[in-house]
Structures are given as C-alpha cells and as structure tokens.
C-alpha cells in the first residue's frame, strides 16, 4: 500500500432509506423503492452539493446505480462553478468482483475511484483498470485511509449511499459526520432481506445518544437528520421547502 497522505478527511454524510422495521430492501430480485419523488429530488440536491459519492461493490452489483446528478439545472450550476456535472464516483471492494459494464463505470463523465483490498489489486486492475483509477487500500480495505486519500485528491464532502455493510463500517469506526435516514411508511417483515446495519459496536448507544438535528415530513416519508459529530451543522439548510414535523 502506498504511503499515507497527511491525516485529514472529508466531511462524511451517510444517506439511507428504510422501511418502518429497518429494512433497506426486500428479498426479491427487483429493487424495492422506499423513497418518493419529492425525497429523491432532495437526495439529488444533496448529491449535487458533494464532491464524491461512495457505494460498496455489493451495491454496484445489486442495484447498478448511475450515481449522477439528475437535475439539469443542478448539473449546469456545478459546471458554471467550475465543477464536473456530477460528483466523483467511489466504490470499495474486497475481492474485485466488479462488472466493467456496470453503470458505475459507463454512465456519465465523472472520475471513478475503486479502492480495493491488497489481495485483489491485480484482479481489479484487470477488470476495471481501463475505466477507473484503482487504488490499493490495504488488507482489509481501511476506510480511514480511504478518506485521507480522498482528501488528498481534493474531496472535501463525501456522500455515502450504502449499502448496509459500508454504512456499518463508517458508523462503527466513528467516521461519519451526518446521517440522513428516511423512513418509508410500510413494513418489509422478511428476515431474509437486508437491514440498514447489522450487528456491531457503534459509538452511539443508550448511554451516548446521537443528536437529532432535524425531523421533516417529505410527502409520505420522514427524514431524520442526525448530527454524528461536531462538524455537522445543527440547523437544516435555509432554503428547504419541505414541511417540518410538528
């Protein structure tokens, strides 16, 4: 693994939607839609405010996300400000099992970084090295090193969109500054389905509660915005048109 950059890291914002009973998907082959259009537009706005978007390799395989800013106006605003139309795409992989035809690699013109475990470096280079910058991130992949490396590459604000394993890694290691948790108005009720996070030792527990910075109704879903570090602003964005709860 290459020499560590100077110790600094981007602001890390985790984004996730769950059912009432905490599932991020069901057990079927088809992706479960948890958010509504109004909330998806909010997510697009958050994406447009970030320098990079990160998902795990499992999410790339399962959901085949494009990870692009959808709104033409927001893309134009980014370009006018001298930024790419969409944020840099980032994924991390333990085994290098990535499909070069996935939309992570083929959609849009954003830069793409693949952080892989040392043992999978050669395989990852062979599979996607023509399409992305492949980076040795240790064995296993070290999320803290990944963040310091992203900071050295100019990423100041990182949005982490999943999946559950990646969210759990960032939460358990205390590397998240803010969590946007959207709750959909239904239950999944299937133990085979993936949950938001699995078992782990997290910095927030009954003796140390996370700070709820905002609760907001967005159509038929609810956004809970948690401040997980002192870097997180206590107040919601000023220009937010959605209706607060209460």
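Read-outs: derived from the displayed coordinates by stated rules, not from any lab. Since the structure is predicted, the reported quantities are computational estimates derived from the model, not experimental observations. In this analysis, Cβ positions are derived from the backbone assuming ideal geometry, glycine residues included, and neighbour counts consider all displayed protein chains.
Rounded to the nearest 500 deg cm²/dmol, what is the calculated helix-only ellipticity per residue at 222 nm for the chain, with -39500 (n - 2.57) per DSSP H run of length n ≥ 4?
Mean residue ellipticity, 222 nm, calculated: -6500 deg cm²/dmol.
Jot down the per residue volume, in cubic angstrom and as a whole number, of the convex hull over the alpha-carbon atoms of segment 11-244. Write down the numbers at each step before the final one.
On the way: hull volume 31.5 nm³, N = 234.
Taking the convex hull of the Cα positions in segment 11-244, it is 135 Å³ per residue.
Given a cut-off of under 8 Å on Cα pairs at least six residues apart, what relative contact order in percent is computed for segment 123-203? Display every interim value, and only then the final one.
Details: 34 pairs, mean separation 25.0, N = 81.
Result for segment 123-203 is 31 percent.
Rounded if a/c is under 1.5, else prolate if a/b is larger than b/c, else oblate: which is segment 147-187, with a ≥ b ≥ c the root eigenvalues of its Cα gyration tensor? Could you put the intermediate results ahead of the total?
Details: a/c = 2.85, a/b = 2.10, b/c = 1.36.
It comes out prolate by the Cα gyration axes.
DSSP beta bridges in the chain, what fraction antiparallel, as a percent rounded to 5? Show your work: numbers first, answer last.
Working: 17 of 44 bridges.
Given both bridge residues lie in the chain, the antiparallel proportion sits at roughly 40 percent.
Normalised by the number of residues in segment 11-244, what is the relative contact order in percent for Cα pairs under 8 Å and 6+ residues apart? The partial results should precede the final answer.
Values: 455 pairs, mean separation 65.3, N = 234.
Result for segment 11-244 is 28 percent.
Between the alpha-carbon centers of segment 44-64 and segment 91-107, tell me the distance in whole angstrom.
Using only Cα atoms to place each centre, the spacing works out to 12 Å.
Would you mind putting 15-26, 86-97 in packing order, based on average other-beta-carbon counts within 10 Å, highest first?
Working: 15-26: 19.4, 86-97: 21.8.
The packing order, highest mean first, is 86-97, 15-26.
May I ask you to derive the relative contact order of segment 78-174, considering only C-alpha pairs under 8 Å and at least 6 residues apart, and to give it as an integer percent?
Working: 115 pairs, mean separation 21.8, N = 97.
For segment 78-174, the relative contact order is 22 percent.
log₁₀ I(q)/I(0) of segment 55-122 at q = 0.15, 0.25 Å⁻¹, via Debye over equal Cα point scatterers, no solvent, to two decimals?
Debye intensities relative to I(0), on a log10 scale: -0.52, -1.05.
Go ahead and set up a Gaussian network model of the chain, Cα springs under 10 Å, then flag whichever of 193, 117, 132 fluctuates most.
Greatest mean-square fluctuation among the candidates belongs to 193.
Equivalent-ellipsoid semi-axes (√(5λ), Cα gyration tensor) for segment 112-246, whole Å, largest first?
On the way: eigenvalues 195, 70, 54 Å².
Calculated on Cα positions only, the semi-axes equal 31, 19, 16 Å.
May I ask for log10 I(q)/I(0) of segment 1-97 at q = 0.12, 0.23 Å⁻¹, from a Debye sum over the Cα atoms as equal point scatterers with solvent left out?
After summing over all Cα pairs, the log10 values are -0.51, -1.35.
Go through 175-187, 51-63, 29-41 and give me the packing order, highest mean Cβ count within 10 Å leading. Present the calculation step by step, with values, prior to reporting the outcome.
Values: 175-187: 18.7, 51-63: 21.5, 29-41: 14.0.
By packing density, highest mean first, the sequence is 51-63, 175-187, 29-41.
For the chain, with a Gaussian network of springs between Cα atoms less than 10 Å apart, report the residue from 194, 140, 72 with the top mean-square fluctuation.
With Cα springs under 10 Å in the chain, the top fluctuation among 194, 140, 72 is at 72.
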